[in-house]
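The values are calculated or read from the model by the stated rules, or taken from the named source; none is laboratory data. These numbers come from a predicted model, not from an experiment. All Cβ positions, glycine included, derive from the backbone under ideal geometry; neighbour counts span all protein chains shown.
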Amino acid sequence: MAAPASNLVLRFATAAVGIPVILLLLYPAPPWAFYLLVLAASLIGARELFAMTHSDDVPAQWAGVVVSAVTSLAVYLFPADSRVILTVVIAVPAIGPVVTLARIGTIETAALRACALGFGPLFVVVPLTLLAVMKKTLGEAGPGSVVLALGLAWMGDSVAYFAGRFLGSHKLYEAVSPKKTVEGAIGGLVGSVAWAAIGSAWFLRGVLPLSHAVLLALPAGVLGQTGDLAESLLKRSTGVKDSGAIVPGHGGVLDRVDAVIMTTAVVFLYMLWKR
């Protein structure tokens with residue numbers, strides 16, 4: 001039990017440092033300062049993804065990072081320009097096969113690598129960039145919307161951890177993540193709903209009605225856990241335990257934002273359609 005306890009302390013220590021930094025950049029700092037944090041996290045996460053799918057091809061990994069950087073800048077600088085967004089959606093997937101043809105490598109893994117390069121920037125980088133877009137474009141509701149998206153993932157994950165540890169007995173998806181339980185998943189969903197209710201009463205008061213908060217948290221909580229499972233599937237299929245080691249106690253950036261990717265998409269689409 002010493003190792004899990006030590007890891008838990010390290011997680012809390014990391015959160016104690018990281019959360020104030022995020023809030024400082026999110027509230028008093030200008031939008032571009034928060035975007036720089038998001039951009040760095042996005043590119044590190046993309047690099048971790050490509051390191052898993054292109055473990056023997058460093059040039060292709062960095063090609064994916066460059067495409068990811070251009071994608072993020074385009075979405076952040078021109079979020080309301082449909083021509084730019086459509087260009088990103090159409091052009092980025094086409095880059096995957098092009099780079100793979102230039103870096104053919106082992107033919108048996110070529111399809112995986114082509115799809116990863118074409119899909120990775122859209123899956124990892126675009127949702128994370130939308131955090132900065134919300135901060136920049138939603139006025140006073142921007143920072144709160146970001147806090148909502150982050151909390152739906154991280155509160156859900158934290159409650160799921162403790163519910164699974166103390167109450168878990170039924171495996172959720174053993175082939176993908178042996179330690180996850182049904183009880184943990186239910187606890188995580190309760191945590192996400194609780195966070196949305198807090199947001200409705202506090203940092204998004206007057207913007208997010210309680211009824212909307214609950215209805216928003218349910219799909220966001222489910223999809224957040226799905227994002228976690230999806231990353232576990234990717235790591236298991238590529239023989240990787242953690243996506244990286246840059247975040248003490250948490251592994252890599254991708255390990256920490258796998259659920260955030262999904263919850264951000266849900267919150268952004270809600271804010272977009274409720275206008």
Helices (runs of 4 or more DSSP H) wholly inside the stretch 52-141 that include at least 1 residues being in contact with a Lys or Arg (Cβ under 9 Å, 6 or more places away or on another chain) and closer than 18 Å to residue 234 by Cα: 58-77, 82-102, 110-120
Pairs where the first residue, in the stretch 126-140, is over 15 Å from residue 266 (Cα atoms) and the second is in a loop (DSSP other than H, G, I, E, B), C-beta under 8 Å, 6+ apart: 136/79; 137/79; 137/80
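Residue by residue, here is whether (1) out of contact with any Pro (no Cβ under 8 Å at 6 or more places or on another chain); (2) over 14 Å from residue 124 (Cα atoms); (3) at pLDDT 95 or above holds:
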| site | (1), (2), (3) |
| --- | --- |
| 216 | yes, yes, yes |
| 223 | yes, yes, yes |
| 229 | yes, yes, yes |
| 234 | yes, no, no |
| 239 | yes, yes, no |
| 246 | yes, yes, no |
| 251 | yes, yes, no |
| 265 | no, no, yes |
Only listed residue being in contact with a Ser or Thr (Cβ under 6 Å, 6 or more places away or on another chain) and more than 25 Å from residue 147 (Cβ to Cβ), chosen from 91, 110: 110
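Yes/no matrix, rows are residues, columns are (1) in contact with a Gly (Cβ under 6 Å, 6 or more places away or on another chain); (2) at pLDDT below 95; (3) over 30 Å from residue 184 (Cα atoms):
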| position | (1), (2), (3) |
| --- | --- |
| 114 | yes, no, yes |
| 133 | no, no, yes |
| 138 | no, no, yes |
| 142 | no, no, yes |
| 150 | no, no, no |
| 153 | yes, no, no |
| 156 | yes, no, no |
Meets criteria (touching a Lys or Arg at 6+ places or on another chain (Cβ under 7 Å) and of a type in the set (Val, Ile, Thr)) for residue 181: yes
Candidates 269, 189, filtered to the one that is surrounded by fewer than 15 Cβ atoms within 10 Å (Cβ to Cβ) and at pLDDT 95 or above: 269
Any hit, the stretch 102-111, residues being over 21 Å from the mean Cα position of the chain (by Cα), more than 25 Å from residue 243 (Cα to Cα), surrounded by 13 or more Cβ atoms within 10 Å (Cβ to Cβ) and without any contact (Cβ under 8 Å) to a residue 40 or more places away in the chain: no
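Table: residues versus (1) of a type in the set (Gly, Ala, Ser); (2) surrounded by 20 or more Cβ atoms within 10 Å (Cβ to Cβ).
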residue: 80; (1), (2): yes, no
residue: 89; (1), (2): no, no
residue: 127; (1), (2): no, yes
residue: 130; (1), (2): no, yes
residue: 159; (1), (2): no, yes
residue: 165; (1), (2): no, no
